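Structure first, commentary second.
What follows draws every value from the coordinates through simple rules; no lab data is involved. Quick caveat, the model's predicted, so the values are computed rather than measured. In this analysis, Cβ positions are derived from the backbone assuming ideal geometry, glycine residues included, and neighbour counts consider all displayed protein chains.
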C-alpha cells in the first residue's frame, strides 16, 4: 500500500502530458524540487481544475513513485494564489527568473527549507510590488549565501562560477525591461513613495 506524502509547496512549472494530464513541478521545504503528474487535470470535472497555476502556494499530497522521480499528485489546495503577481509582465518575468535560477542550481529531491523560504518571500513581494534591481540582487545574494559562495560584490557571477552554468536568460530580459520603465516618484526624503 502506498503512503501519501503531504507538504506545502510552490508550483514552479507545468507542462501538458498526453491529452488530459499535466506534469507539475514543485518547490517544497522538506522535499525540495519534486515532479508530479496530475492525471486528468485538464478535464473539466477534475479536482485539479483551476488549482494548478504557476507560482501558487498549495498544500499538496502525492504518492512517491518507486521507479522514477515522477510522483502521482493526489491533491492540491491553495494557500496563496498571489493574484497580484499577474498584474504586470515585469512581475511574472521576475518570478520566472527566480524559479529558473533555483532549478538551475538546486539538486532535485533535496530538502531546501531556506531556498523555499527565500522563493516564498520573493513571490509574496512580487504579489504586492513591482520588481526592481535591488530585489534581483538581494535574491541572488541570499541564494549565494545559502550555498556558501557569496562574494562581497557580484553574487550572480559567483553563482555562474560555482555551478559552471550561465544564468537564465530571463535575468537579462528583466534588467532590460526595468531600465525602460520610469523611476518611481520620490518623497521629500529621497525614498520611494
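Work out the FRET efficiency for residue 166 and residue 67 from their Cβ-Cβ distance, taking R0 = 45 Å, and round it to the nearest 0.05. Spell out each step's value before the answer.
Working: r = 33 Å, r/R0 = 0.73.
Taking R0 as 45 Å, the efficiency between residue 166 and residue 67 is 0.85.
Fewest-first ordering of 129, 39 by other beta carbons within 10 Å of each residue's beta carbon gives 129, 39.
Normalised by the number of residues in the chain, the average gap of Cα pairs under 8 Å and 6 or more apart makes the relative contact order 18 percent. Among 8, 152, sorting on how many other beta-carbon atoms sit within 10 Å of each Cβ, with the fewest leading, yields 152, 8.
Less than 18 Å from a label point 7 Å out along the Cα-to-Cβ axis of residue 108: which backbone N atoms in the stretch 1-22 qualify, by residue? Under cut-off, by backbone N: 10-18, 22. Taking 110, 15, 96 as the candidate residues, the one with maximal mean-square fluctuation in a Gaussian network model of the chain, Cα springs under 10 Å, is 15. What whole-number distance in Å separates the alpha-carbon centres of the stretch 1-42 and the stretch 101-128? The two parts, judged by their Cα centres, are 16 Å apart.
How large is the helix-only mean residue ellipticity at 222 nm for the chain, computed as the sum of -39500 (n - 2.57) over DSSP H runs with n ≥ 4, divided by its residue count, in deg cm²/dmol to the nearest 500? Display every interim value, and only then the final one.
On the way: 5 runs with 67 residues, N = 193.
The helix contribution divided over the chain gives -11000 deg cm²/dmol.
Put simply, the Cα atoms of the chain extend 62, 36, 26 Å along their principal axes, the longest span coming first. Among 71, 77, sorting on how many other beta-carbon atoms sit within 10 Å of each Cβ, with the fewest leading, yields 77, 71.
Taking a point 7 Å from the Cα of residue 53 along the Cα-to-Cβ direction, the residues of the stretch 113-133 with backbone N closer than 17 Å to it are 123-129.
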